[in-house]
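One structure is given below, encoded as structure tokens.
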Amino acid sequence: MTSPFIHRITLRNYKSIAACRIDLPPLGFLVGSNGAGKSNFLDSISFVAESLLGSLGIAIEDDREGIDSVIRRTGDHLGPMAIRIDFTLSENSSGHFGFEVGKTHDGGFEVLHEQCKVFGNAGDEHFYCVRSGVVVQATRPNFPVILPDRLCLVAAGGFPEFRAVFDLLVRMAVYNPNPETLNRAQQGIGGVLQRSAKNMVQTLKNLEPKFRKKIDEFLSRALNTETSVAIVKSGELETISFLQAFTGQPSSTSFSPGSMSDGTLRALCILAVIFQTDHRNHPRHWLIGLEEPESALHPAMASELLALLRQASQFNQILITSHSPDLLDNEDIPPESIFVVDNVDGVTRIAGIDPASHKAVLEKQFTPGELLRQNQLAPDPAQLREAESKCKLNMFDYPNL
């Protein structure tokens, strides 16, 4: 059975992004300078998941400081903003989900258009279309009442034909761990590793032994001494401890997280994220966004980190932001997995690498890291034009993948 997979994300007027249309691989890299807009693309992934898990209002008003900060300003007015996600649910099912949000006259917002379509190999099709809170088309009767400031999929996910879409999209997450969180004692909070990593202890306890071993091996190489992560209990609270075995000492020495570098702690968080599974050994997330996982890590360990990311991408789809050539110094990285992000006059542009760089990487003349060092990576102009053209149309009417 084919695992759920997100093939494409299309954005229009999301924050600094005017238009982009990205075909995602199992492991992808968004590369570009600081401030180019890489994080804005990842934030669109969080925005969809948070809007479905909580509400659109919380995602806009509480988490992103209001509609004015979400929708890109075009001339004298805002938006509207639109997001579309194309996916495969199984070997017999695929589809897309998307919505368009606009600002209202009173300073609020409403969902102008929302659409979900699911296709089967046998030719069966399930879909609904909502405009400003009114269901205008649906393949099943008795759709629930929809409010203009809510996403319909929250309610439609209760129907069998749309449940898999909901489950896929809420299992997208973006992580940018703060190492300081690991210095605090934690209570046993189960479930998915939270973005703050405040339940890291429980996440580590729930990891499969083979993944705990991979983490210990990575830390041992990074710290150049045999290292393992242990859980120390103190009453109702628990903390993380790093055990290190030094030559000539009869027993291991315990170190608190505060004794470790930020790079070591971030790496621990990143590896816990990509290797976490549920009680059925299914991945906790289908798509994981990682903000600069190599940050504060010694450059010599970048290739080790890349190897583990590639292993995890066999069952988790992973999308990374980076401006580190060290992480990309690998001739086996396919050119299709690199997306260049730049910013021209305040507008973020995202596309695959330009044809000349694509050829150089494909023919192994240069690694993506070497081209990045030489400032030779640029977005493909043809892909930029195609994205702009597609996003000017109704994003929800063009055919599914």
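Values computed for the structure shown
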{"item": "Residue within the stretch 118-130 that is hydroxyl-bearing (S, T, Y) and either out of contact with any strand residue (DSSP E or B) (no Cβ under 7 Å at 6 or more places or on another chain) or in contact (Cβ under 8 Å) with a residue 12 or more places away in the chain (or both) present", "result": "yes"}
{"item": "Residue list for the stretch 238-254, restricted to those being of a type in the set (S, T, N, Q) and in contact with a strand residue (DSSP E or B) (Cβ under 7 Å, 6 or more places away or on another chain)", "result": "T239, S241, Q244, S252, T253, S254"}
{"item": "The stretch 93-137, subset loosely packed, with under 15 Cβ neighbours inside 10 Å and among the acidic types (D, E), residue farthest from Y14 (Cα to Cα)", "result": "D124"}
{"item": "Subset tally (residues that are surrounded by 15 or more Cβ atoms within 10 Å (Cβ to Cβ), farther than 17 Å from M81 by Cβ and under 25 Å from the mean Cα position of the chain (by Cα)) for the stretch 374-400", "result": "6"}
{"item": "Residue match in the stretch 60-75 (condition: closer than 18 Å to S132 by Cα, of a type in the set (G, A, S) and under 21 Å from the mean Cα position of the chain (by Cα))", "result": "no"}
{"item": "Residues being among the charged types (D, E, K, R), part of a strand (DSSP E or B) and surrounded by fewer than 15 Cβ atoms within 10 Å (Cβ to Cβ) - total across the stretch 73-92", "result": "1"}
{"item": "Search result, residues across the stretch 261-300 that are at pLDDT 90 or above and surrounded by fewer than 21 Cβ atoms within 10 Å (Cβ to Cβ)", "result": "E291, E292"}
{"item": "Residue check for I45: of a type in the set (V, I, T), surrounded by 21 or more Cβ atoms within 10 Å (Cβ to Cβ) and either under 30 Å from D124 (Cα atoms) or without any contact (Cβ under 8 Å) to a residue 40 or more places away in the chain (or both)", "result": "yes"}
{"item": "Residue list for the stretch 307-349, restricted to those being more than 20 Å from L377 (Cα to Cα) and at pLDDT 90 or above", "result": "A307, L308, L309, R310, Q311, A312, S313, Q314, N316, Q317, I318"}
{"item": "In the stretch 341-358, the residues that are touching a residue at least 40 places away in the same chain (Cβ under 8 Å) and surrounded by 23 or more Cβ atoms within 10 Å (Cβ to Cβ)", "result": "V341, T348, R349, I350"}
{"item": "Residue in the stretch 64-72 that is touching a strand residue (DSSP E or B) at 6+ places or on another chain (Cβ under 9 Å), modelled with pLDDT of 95 or more, buried (at least 17 other Cβ atoms within 10 Å of the Cβ) and part of a strand (DSSP E or B) present", "result": "no"}
{"item": "Test result for G57, outside any loop (DSSP other than H, G, I, E, B) and either over 29 Å from H126 (Cβ atoms) or within 19 Å of the chain's Cα centre (by Cα) (or both)", "result": "no"}
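The values are calculated or read from the model by the stated rules, or taken from the named source; none is laboratory data. Being a predicted model, the structure only gives us computed values, none of them experimental. Neighbour counts are summed over all protein chains in view; Cβ atoms, including those assigned to glycine, are modelled from backbone coordinates with ideal geometry.
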